[in-house]
Every structure is written in C-alpha cells, then in structure tokens.
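Trainee: I have a structure here, written as structure tokens, and I will follow up with some questions on it.
The values are calculated or read from the model by the stated rules, or taken from the named source; none is laboratory data. Treat the numbers as computed from the prediction; the structure is a model and nothing was measured. We place every Cβ from the backbone using ideal geometry, glycine too, and count neighbours over all the protein chains shown. Areas reflect the complete protein model, heavy atoms only, side chains present, ligands, DNA and RNA absent. Shrake-Rupley method; radii C 1.70, N 1.55, O 1.52, S 1.80 Å.
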Amino acid sequence: MPEPAIHVADLRKTFTVPVREGGFLAAVRSFVRRQHREVHAVSGVSFEIAPGEVVGFLGPNGAGKTTTLKMLSGLLYPTSGEVRVLGHVPSRREAAYLRQITMVMGNRNQLQWDLPALDSYELLRAIYRLHPDDFRKTRDEFIELLDLGDLVRKPVRNLSLGERMKVETAAALLHRPQVLFLDEPTIGLDVTMQKRIRSFVAEYNRRCGATVLLTSHYMADVQALCKRVIVIHHGRILFDGELATLAADFSADKTIAVTLKEGAPERIDFAPYGEVLGSEDGKVSIRVGRGRAPDVAGRLLHDLPVADLTIEDPPIEDVIESVFAGASAEAPERTPEPAATR
Amino acid sequence: MRPLRLAWLFFRVGALNDLQYRANFWLQLLQSAIQLGTGLAVLGLIFSQTLALNGWSAPALLAVMGVHILMGGVIGVLIRPSMERLRSDIRDGTFDFVLTKPEDVQVLSSVREIRVWQGVDILVGLVVLGVAIGQLQESLGPIEAVAFGVALVIGALMIYSFWLVVTTVAFWIVRIDEIAELFEGVYQSGRWPVTIYPEWLRVSLTFLVPIAFAVTVPAQALTQRLTPETLALAAGFGVVALLVSRAFFRIGLRRYSGASA
C-alpha cells in the first residue's frame with residue numbers, strides 16, 4: 001500500500017474565546033474581568049487520503065472543516081494529534097512543503113486588485129521560483145483549460161465574481177502543487193461557472209495526479225468530483241466512505257416515483273403505500289422505508305396500471321441533512337463552563 | 001540577495017499599480033509643496049530673530065529638514081504601505097495567502113506593498129539637502145558623505161523595526177488603525193534636531209521612537225557634528241532593533257497560528 005498523501009491521527013484544535021452577556025453592564029464587567037471559554041473546533045479527527053484521491057469534506061458551518069484544512073496547510077498549529085502531508089509536518093511550514101501545496105479560499109482574493117492577473121502570475125512565478133519555460137507552459141495550459149482568454153489582461157477589479165474566481169484558481173495552481181486544499185472554491189458562483197471550476201479541478205487531478213481535499217456547500221461539486229466523502233460535525237467525523245454508501249448508511253427511506261398509464265382513474269389514494277411527497281404531471285413520489293421498498297413496488301405494479309416506476313435514494317442534500325440532524329440530537333453538550341478568566 | 005530581489009519585484013508591481021492613478025501624483029506633489037512651504041516659512045521666521053538655534057545655523061537646520069522630508073518619503077514608499085497591508089491582511093484573513101508561500105514571512109510581509117508617488121518626498125528632500133549643503137560653511141568630504149549614507153540606512157532600518165513591532169501588535173489587538181496617525185504626529189517632531197528638546201523627550205525620540213537616529217544623526221553627519229561613537233551606537237542599536245523586531249514578529253506569528261496557546 002502506498003504512503004498516504006495525507007495522514008491525520010486524533011487531530012484536535014481548541015480555541016479560547018472571550019465570552020460576555022449582552023448589555024452595558026456586562027460590557028463593563030467584561031472590560032474589568034474577562035471571561036473565556038474553550039471551543040473545541042476539532043476534537044479527535046483521524047483519516048488518511050491516498051495520493052491522487054479527491055475527497056469531499058462535508059459539514060455545516062462551524063463543523064471544523066476550515067480549521068482542519070488550516071491545520072493541514074500549516075496555517076494553524078494543532079492543539080494535539082498528528083498530521084503529515086506528503087511526509088511533512090505542515091506546522092513547520094518548510095519551504096519544500098509549501099511549494100507542493102495550495103489553498104484556495106472561495107471568498108478571498110490573492111491577486112493584485114488593480115492589475116491584470118498576468119502581472120500577479122509573474123509575481124507568483126518569482127515567489128515559487130518557477131522556471132520561465134515551465135511557468136509559461138502551465139500558464140498557457142490553464143488559460144486554455146479555464147477559457148480565460150483576455151480575462152488575464154484586464155485589471156482584476158473589472159472582472160465579475162465568476163471570472164475572478166477562474167483567474168484566482170489558475171493563480172493558485174501555477175506552481176503545479178501536489179496537494180490542493182479547496183475551501184468553498186465555487187461559493188457564490190452561477191451554475192455554469194461552478195461547472196467550469198469543477199471540470200478544471202477534475203482535469204488538473206487527472207493530469208497531475210494531485211490529491212484534493214474539497215469543502216463545499218454545493219453537493220453538485222461533491223457529486224461531480226468526489227467518490228469519497230468525510231462528513232464532519234461538531235469537530236468529529238460522522239462518516240468516512242464512498243459517497244454512494246452514504247445514503248444507504250444514513251437514510252432509512254427510499255423514494256418510489258410512479259407514473260400511471262393514460263386513462264387510469266384520476267383519484268387514487270396512495271396513502272396506504274407510504275408517505276406521499278407530491279405529485280406532478282401524473283408522476284407521484286412516495287416515501288417508504290428502505291426495507292419495504294421492493295414489497296411496496298410489487299404491490300403498486302400489481303394494483304395499478306403503472307407506466308413507469310423507479311426506486312431512488314433521496315437527494316444527497318436530504319441525506320446529509322438527516323445525518324446532521326441525527327448527530328445534533330445525539331451529540332453531547334459541547335460547550336464547557338468558562339475555563340479561565342483573566 | 002533574495003529579499004532585495006523580492007523587494008524589486010514588488011516595487012515593479014507597485015509602480016505598475018500606481019502609474020494608473022496619475023491624480024495621486026499631483027496630490028502628492030501639492031502636499032509636498034505645502035509641507036515644504038510651511039517648513040521654509042517657519043525657518044525664515046526663526047532666523048529673522050536669531051542667527052543660530054541651539055548651535056544649529058540656518059543651513060544646518062535646512063539640512064535637518066531635508067533629511068526629515070527624505071526619510072518621510074522613504075517611509076511613505078517602502079515601509080508604511082507594507083505595514084498597513086500586513087495589518088489589513090491580518091484583520092481580513094488574507095494573511096493566510098502570505099503564510100502559504102514558500103518565503104520568509106517577515107520578508108514577504110515587508111515588501112508586499114509599495115507606494116511610488118510618495119517618492120516625490122524623496123526627490124524634494126534631496127533638493128532641499130542639495131540647497132542646504134550649498135549654503136553650509138563646512139565642505140562635505142567623502143567621509144561625511146559615506147557616514148551620511150550609512151546613518152540614513154541605519155535610521156531607515158530602525159524606523160522599519162519600529163513599524164514592524166507596532167504592526168505585530170495586530171496579531172493580538174486587531175484594531176490598531178490609529179497607529180499610523182500617531183506615528184505621523186510623533187514623526188513631525190523630527191523636523192527639528194532632537195538636541196533642542198528637553199532630556200526626557202530627547203531620550204524618548206532616540207530609543208522609544210527612533211526619530212533621532214533616523215533624522216538628526218544623518219543630518220549631524222552632513223554638518224560635521226557626528227562623532228564615530230554616535231554612529232557606532234546607532235549601528236549597534238539598529239542591529240538590536242532589527243533582532244528584537246524579528247523576534248517579536250515571530251512571537252506574533254506563533255500567536256496567529258495558535259502555536260503559543
């Protein structure tokens with residue numbers, strides 16, 4: 001088995017944050033004697049990612065995704081636990097390590113605002129000490145792949161959000177990193193632009209064999225790019241496995257969609273078969289327990305003049321939602337008492 | 001020299017940036033002219049009453065003013081923009097982009113932003129210095145010229161160290177926006193040789209905010225008032241200031257990454 005590109009064992013990060021009640025008096029009290037409490041942003045996360053693998057890192061806001069990514073990229077020092085990426089300890093921030101990784105943050109820019117992206121690219125070439133020929137080759141390849149055309153010659157401030165994200169993504173990969181940390185790379189973009197960034201990441205992964213860890217709120221990103229997902233909630237891993245098995249593991253239901261033949265009676269009561277989710281253009285959706293699905297499908301085919309029938313997993317967004325909902329109900333109280341005062 | 005090469009690259013980008021905004025050039029020129037005009041008027045007023053101020057003749061004080069404007073230009077072009085950028089990067093989280101680059105974080109943070117039009121002050125300062133040297137009784141030999149150059153570089157490095165320490169505070173206290181204005185206020189006191197001030201202020205302007213080293217000492221070199229001991233003290237203090245500021249910056253970095261927690 002090859003050495004994993006990313007190895008994380010029992011990783012933890014605890015922040016100490018000031019707390020105070022609302023109101024003037026509380027503000028004065030807090031000024032004199034500040035109260036703090038500990039927030040466990042990541043509490044004991046372990047996983048391994050093989051070279052070339054593309055993994056989706058899912059979780060609601062505040063789940064610990066970005067904190068984990070920051071520890072992997074060397075921006076944050078872990079409170080405890082072990083991290084190794086490409087054999088390096090990220091928090092040491094060795095130049096040899098930083099040359100092999102990149103971090104894309106969808107809501108932040110690194111390009112010079114008033115200049116065409118080409119000027120910023122030159123600056124990055126110098127910072128990463130890229131050979132001029134290699135740099136030009138990569139740059140031109142990305143310009144073609146992302147369909148950047150003349151966008152790289154316009155001042156960045158004149159570009160739309162989507163256009164800016166395209167030139168930003170190209171900038172982040174100019175040094176051909178082996179590990180990509182993508183934090184919401186498509187946030188706020190329209191569907192076409194999301195697709196473009198997505199296909200670029202997929203193509204880069206194919207061409208360079210790079211390892212990708214991606215967080216996104218858009219399930220389409222995850223479905224298009226990642227076979228494997230890691231679901232994190234309250235700083236703990238809830239699921240680590242193939243995206244396809246996520247629904248099987250976490251959703252107790254299946255959705256049966258039935259379309260009846262023309263001329264079928266209009267008023268049919270589907271309630272005895274399961275929970276009716278809706279009906280549209282003669283197609284009725286019924287939710288049934290996973291184990292009962294074949295049986296119910298058989299009854300429907302037997303009882304009614306069925307033209308078409310499909311059994312599907314619920315949409316992945318619903319599955320993820322039910323994962324988080326379940327976890328919230330089970331999660332222990334995570335907010336400890338004020339740990340320190342100063 | 002990697003830092004100088006990086007500085008040059010960012011200088012080039014900064015120049016490209018600023019060249020787009022020609023109005024800023026005219027504004028800067030106007031500001032420099034007003035500053036020069038008021039400075040000259042005050043000097044004229046003083047020397048209409050007396051022949052020397054605390055042992056400094058009119059041309060010698062003009063030399064101090066020249067160094068003050070020149071150093072102000074150096075700060076405005078090279079030091080202040082990068083430090084303000086560092087502060088906003090820390091506040092906005094874009095400092096992460098600096099940290100993920102395979103370069104020395106302090107070097108990269110210190111050359112990231114350059115304001116070319118502030119260079120007008122450097123030119124004005126040089127012209128004022130040229131006029132002052134022409135009027136000085138003492139002739140300016142190569143030793144004085146070299147001592148002036150060395151003192152100027154040491155002074156600039158000390159001011160840089162001061163800015164770096166103050167900006168590093170942003171790792172703990174995010175809102176320190178008034179620092180730049182505070183520095184400008186204190187820097188104005190460097191228009192006059194620090195030797196004219198009472199002792200407590202002289203000591204503060206020497207060791208707390210190193211304006212004495214940045215302005216008065218180079219001016220002393222030009223007017224043959226500089227002793228080798230003072231220059232050696234400046235060099236020693238300069239090295240200490242650089243080391244201390246670097247150490248403090250590293251503590252700040254550890255704080256930012258949570259390594260100190």
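Trainee: Considering only residues of the stretch B:96-110 that are more than 22 Å from the chain's Cα centre (by Cα) and more than 8 Å from every other protein chain (Cβ to nearest Cβ), which is most open to solvent (accessible area, probe 1.4 Å)?
Mentor: Among residues in the stretch B:96-110 that are more than 22 Å from the chain's Cα centre (by Cα) and more than 8 Å from every other protein chain (Cβ to nearest Cβ), the one most open to solvent (accessible area, probe 1.4 Å) is B:D104.
Trainee: Can you tell me which of (1) touching a strand residue (DSSP E or B) at 6+ places or on another chain (Cβ under 7 Å); (2) buried (at least 19 other Cβ atoms within 10 Å of the Cβ); (3) not in a helix (DSSP H, G or I) is the one A:T186 doesn't meet?
Mentor: (1)
Matching residues to (1) out of contact with any Pro (no Cβ under 8 Å at 6 or more places or on another chain); (2) among the hydroxyl-bearing types (S, T, Y); (3) part of a loop (DSSP other than H, G, I, E, B):
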site: B:R225; (1), (2), (3): yes, no, yes
site: B:F237; (1), (2), (3): no, no, no
site: B:L243; (1), (2), (3): yes, no, no
site: B:R255; (1), (2), (3): yes, no, no
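Trainee: Within the stretch B:171-180, can one find any residue that is buried (at least 20 other Cβ atoms within 10 Å of the Cβ) and of a type in the set (V, I, T)?
Mentor: no
Trainee: Out of the residues in the stretch A:111-121 that are surrounded by fewer than 19 Cβ atoms within 10 Å (Cβ to Cβ) and more than 8 Å from chain B (Cβ to nearest Cβ), which is farthest from B:L6 (Cα to Cα)?
Mentor: The extreme case among them is A:W113.
Trainee: Follow-up question, since we're still on this one. If only one of A:R84, A:R136, A:R29 is assigned to a strand (DSSP E or B) and more than 14 Å from chain B (Cβ to nearest Cβ), which one is it?
Mentor: A:R84
Trainee: If you don't mind, there's one more thing I want to ask. Right, A:R108: within 19 Å of the chain's Cα centre (by Cα) and at the interface with chain B (Cβ under 7 Å from one of its Cβ atoms) or not?
Mentor: So A:R108 fits the description; yes.
Trainee: From the set of residues in the stretch A:20-48 that are closer than 30 Å to A:A224 by Cα and touching a Lys or Arg at 6+ places or on another chain (Cβ under 8 Å), which is surrounded by the most Cβ atoms within 10 Å (Cβ to Cβ)?
Mentor: Going through the qualifying residues, I end up with A:V42.
Trainee: Taking interchain pairs and intrachain pairs at least six residues apart, which have beta carbon atoms under 7 angstrom, with the first residue in the stretch A:242-260 and free of Cβ contacts under 8 Å to residues at least 12 places away in the same chain and the second part of a strand (DSSP E or B)?
Mentor: Cβ pairs passing all conditions: A:D249/A:F239.
Trainee: Quick one: A:V42 ticks every box in (1) within 12 Å of chain B (Cβ to nearest Cβ); (2) in contact (Cβ under 8 Å) with a residue 24 or more places away in the chain; (3) farther than 20 Å from A:V17 by Cβ except a single one, so which number is it?
Mentor: (3)
Trainee: What helices (runs of 4 or more DSSP H) lie completely within the stretch B:1-85 and have 1 or more residues being closer than 20 Å to B:G155 by Cβ, away from chain A (no Cβ under 13 Å) and modelled with pLDDT of 90 or more?
Mentor: In the stretch B:1-85, the matching helices (runs of 4 or more DSSP H) lie at B:58-74.
Trainee: Give all pairs with beta carbons closer than 8 Å in which a residue from the stretch A:121-141 that is without any contact (Cβ under 8 Å) to a residue 12 or more places away in the chain meets a residue that is open to solvent by 40 Å² or more (accessible area, probe 1.4 Å) and in a helix (DSSP H, G or I); count only pairs at least 6 apart in sequence or on separate chains.
Mentor: A:A126/B:R5; A:P132/A:R125
Trainee: Given the criteria open to solvent by 60 Å² or more (accessible area, probe 1.4 Å) and either in a loop (DSSP other than H, G, I, E, B) or within 10 Å of another protein chain (Cβ to nearest Cβ) (or both), does A:P78 qualify?
Mentor: It is false that A:P78 is open to solvent by 60 Å² or more (accessible area, probe 1.4 Å) and either in a loop (DSSP other than H, G, I, E, B) or within 10 Å of another protein chain (Cβ to nearest Cβ) (or both).
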